[in-house]
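Beneath this line is the structure, given in structure tokens, with notes to follow.
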Amino acid sequence: MAYDSDNIFAKILRGEIPCEKLYEDDDTFVFMDIMPRADGHCLVIPKTPCRNMLDASPEQLAACLKTVQIVSHACLTAFDAEGITLQQFNEPAGGQEVYHLHFHILPRHEGVKLRPPGQMADFAVLKTHADKIRAALAG
Ligand code: 5GP
């Protein structure tokens, strides 16, 4: 399947759609998921195009995972979390809905289940959560 440059995350990268940006470097970009399944649920994407893990280059995957580790540590600090769930879906049968490679970072606490998918965030709350992660990244 070909990469579609009109996907939502490509539009976020081009600044055509707003997001709660958390972090960027030369190769990756990180922002809050608007339907968070846990407080601090955020997404790591490469700045260059690929649909998912299956067509990504080794360099894109390596850059994303490096950023996943940096932001995961910030999430642990920001939410006093005890663990991180990392999710990554490939193609419709694999549960993927947006076709630009992304890794979900989900801060976890013992015994607390993920919320169901598809629940839109309160944007004021999302911003306070983003502020916590940005502060942890800065500190
Ligand atoms: P997946 O493709 O891995 O199934 O999930 C796509 C994720 O993107 C979902 O968790 C969904 O909440 C998130 N999402 C969909 N549209 C937007 C958007 O416009 N902005 C942000 N920040 N996240 C989005």
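Structure data summary
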| quantity | calculated |
| --- | --- |
| From the options Ala74, Ala136, Ala78, Ala130, residue that is within 11 Å of the ligand (Cβ to nearest atom), surrounded by 13 or more Cβ atoms within 10 Å (Cβ to Cβ), at pLDDT 95 or above and part of a helix (DSSP H, G or I) | Ala130 |
| Every pair of residues 6+ apart whose Cβ atoms lie under 7 Å, when the first sits in segment 62-76 and is closer than 13 Å to Leu22 by Cβ while the second is part of a helix (DSSP H, G or I) | Ala74/Ile133; Ala74/Ala136; Ala74/Leu137; Cys75/Ile133 |
| Matching option when the condition is more than 14 Å from the chain's Cα centre (by Cα) and open to solvent by 20 Å² or more (accessible area, probe 1.4 Å), among Arg51, Arg14 | Arg14 |
| Residue among Ala38, Ala62 that alone is farther than 13 Å from His100 by Cβ and surrounded by fewer than 15 Cβ atoms within 10 Å (Cβ to Cβ) | Ala62 |
| Verdict on Leu86 being within 12 Å of the ligand (Cβ to nearest atom), in a strand (DSSP E or B) and open to solvent by 40 Å² or more (accessible area, probe 1.4 Å) | yes |
| Count of residues meeting criterion [within 11 Å of the ligand (Cβ to nearest atom) and within 22 Å of Gly40 (Cβ to Cβ)] in segment 6-18 | 5 |
| Complete set of residues in segment 90-116 that are exposed (fewer than 11 other Cβ atoms within 10 Å of the Cβ), part of a loop (DSSP other than H, G, I, E, B) and not acidic (Asp, Glu) | Gly111, Lys113, Pro116 |
| Test result for Lys21, within 10 Å of the ligand (Cβ to nearest atom) and either open to solvent by less than 20 Å² (accessible area, probe 1.4 Å) or over 30 Å from Asp80 (Cβ atoms) (or both) | no |
| Residue identified as within 21 Å of Arg14 (Cα to Cα) and basic (Lys, Arg) among Arg37, Arg51 | Arg51 |
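The values are calculated or read from the model by the stated rules, or taken from the named source; none is laboratory data. It should be emphasised that the depicted structure is a prediction, and the values quoted were computed from it without experimental measurement. Cβ sites come from the backbone with ideal geometry, for glycine too, and all protein chains shown count toward neighbours. Areas reflect the complete protein model, heavy atoms only, side chains present, ligands, DNA and RNA absent. Shrake-Rupley method; radii C 1.70, N 1.55, O 1.52, S 1.80 Å.
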